[in-house]
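Structure first, commentary second.
No lab work stands behind these numbers, since they all come straight from the coordinates. Since the model is a prediction, treat every value here as computed from it, not as a measurement. Note: ideal-geometry Cβ built from the backbone for every residue, glycine included; neighbour counts use all protein chains shown.
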Number of protein chains: 2
Amino acid sequence: MVSTRQRILTATTELFRRNGYHATSVKQVVTAAEAPFGSLYHSFPGGKEELAEAVIETSGRTYGELFALVYDAASDPPSAITDFFDGAAAVLEETDYLDICPIGTVALEVASTNERLRQATDRVFADWTDLAAQRLTAAGIGRRKARELATTLVAALQGAFMLSRAAHSPEPVRTTGRVMRGLVEEALRDVRSRAGSGSRRRPPPRR
Amino acid sequence: MVSTRQRILTATTELFRRNGYHATSVKQVVTAAEAPFGSLYHSFPGGKEELAEAVIETSGRTYGELFALVYDAASDPPSAITDFFDGAAAVLEETDYLDICPIGTVALEVASTNERLRQATDRVFADWTDLAAQRLTAAGIGRRKARELATTLVAALQGAFMLSRAAHSPEPVRTTGRVMRGLVEEALRDVRSRAGSGSRRRPPPRR
């Protein structure tokens, strides 16, 4: 059975996906969760702020796990990138451009006004960047280059969501995904050409 | 002398940079603009929504003009990209990570809830994409490739703002700018190698 806490979390995530942080009220949350008012403060004594932090952390973990799943199921790293972007574009289209994950919107809303939530969004972006950088390093790309690419992947994905939601079109996410794929292909070509030219850099380890 | 309408526009832009759309009230606007309540509805009969549309259009034009200025002052297209991203990173640092331009935040806040404002943000992103695509085409990059790169540049810039504001660090914007510069360099190398190999594609015209 789904706990009241979980129902509240799910309802808040859905409301954030449509309205963001500021336009979501505690009253809307308890109504959508079909939970008594008191249960929200029982599960989240810090009220809306604590609830928002839990949504950011939960969504951050979920999307990190989804990225890892898609990445590890793909035939190679470049395909993993387009699989992930194209999958996100399809979800956006199917859900009439609701926010695919509410973290980006909340991050911008709170960046200058709520230090606790700003730090929560920063931790999620840092975790995603680490995750992508680890995968790219495992594919043989040097550590520094892998981190640069990982930062760019996370930024480009979030920005492409913004453009696709504004345009009500999957094209910005698909297009950005193709360009990101090209970046990863290029980095892997560099690895192979250095390995082939007999530099001291080791060839990419097999995972 | 600055008109009341202009004072209201400027005050709203500043409030949106800090708080976004939903957390900015008409009362805050008239207080910050030192304008009587009635003057807001005199200048913007549609109230907060019409005012927000004017902020989106004005900021969109301003940042488009800024991009064109920075681009045309740079020694070459790749330098133009890092000049623009590094300039934005410096402004973010100097202003304690206030939103450098309020359009991204408002775009995410309204994407699923306000059709008029969603369309206004979409027009701005489309204009910026056109502007960047025109410049890249003028540098000799094929039309389709130039549009792909332009979409990615706008997405990556907006996403990098999000990451830098969340991290209170200029690094995501700087890093993403370096990677975007690499993309443009790569596209220009492709143009030159095709021109050198005697294809029918014309070499990049001088601007």
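For the range A:1-27, a tally of residues being of a type outside the set (Phe, Trp, Tyr) and either over 21 Å from A:Cys101 (Cβ atoms) or within 13 Å of chain B (Cβ to nearest Cβ) (or both) returns 15.
Among the residues making up the range A:75-99, those that are more than 11 Å from chain B (Cβ to nearest Cβ) and hydrophobic (A, V, I, L, M, F, W, C) are A:Ala80, A:Ile81, A:Phe84, A:Ala88, A:Ala89, A:Ala90, A:Val91. Evaluate the range B:178-196: report whether one residue or more is outside any helix (DSSP H, G or I), without any contact (Cβ under 8 Å) to a residue 60 or more places away in the chain and more than 9 Å from chain A (Cβ to nearest Cβ). Looking through the range B:178-196, none of the residues is outside any helix (DSSP H, G or I), without any contact (Cβ under 8 Å) to a residue 60 or more places away in the chain and more than 9 Å from chain A (Cβ to nearest Cβ). Scanning the range B:100-116 for residues being more than 9 Å from every other protein chain (Cβ to nearest Cβ) and acidic (Asp, Glu) gives a total of 1. When the range B:150-160 is examined, which residues are found to be crowded, with 24+ Cβ neighbours inside 10 Å and either more than 24 Å from A:Pro102 (Cβ to Cβ) or touching a Phe, Trp or Tyr at 6+ places or on another chain (Cβ under 6 Å) (or both)? Of everything in the range B:150-160, those that are crowded, with 24+ Cβ neighbours inside 10 Å and either more than 24 Å from A:Pro102 (Cβ to Cβ) or touching a Phe, Trp or Tyr at 6+ places or on another chain (Cβ under 6 Å) (or both) turn out to be B:Leu153, B:Val154.
If only residues of the range A:158-170 that are more than 7 Å from chain B (Cβ to nearest Cβ) and in contact (Cβ under 8 Å) with a residue 40 or more places away in the chain are counted, the one that is nearest to the chain's Cα centre (by Cα) is A:Phe161. Only helices (runs of 4 or more DSSP H) whose full extent lies in the range A:30-141 are considered here, and the ones with at least 1 residues that are without any contact (Cβ under 8 Å) to a residue 40 or more places away in the chain and exposed (fewer than 15 other Cβ atoms within 10 Å of the Cβ) are A:37-43, A:47-73, A:77-94, A:115-138. Only a single item in (1) at the interface with another protein chain (Cβ under 8 Å from one of its Cβ atoms); (2) within 24 Å of B:Gly20 (Cβ to Cβ) is not met by A:Leu149, and it is number (2).
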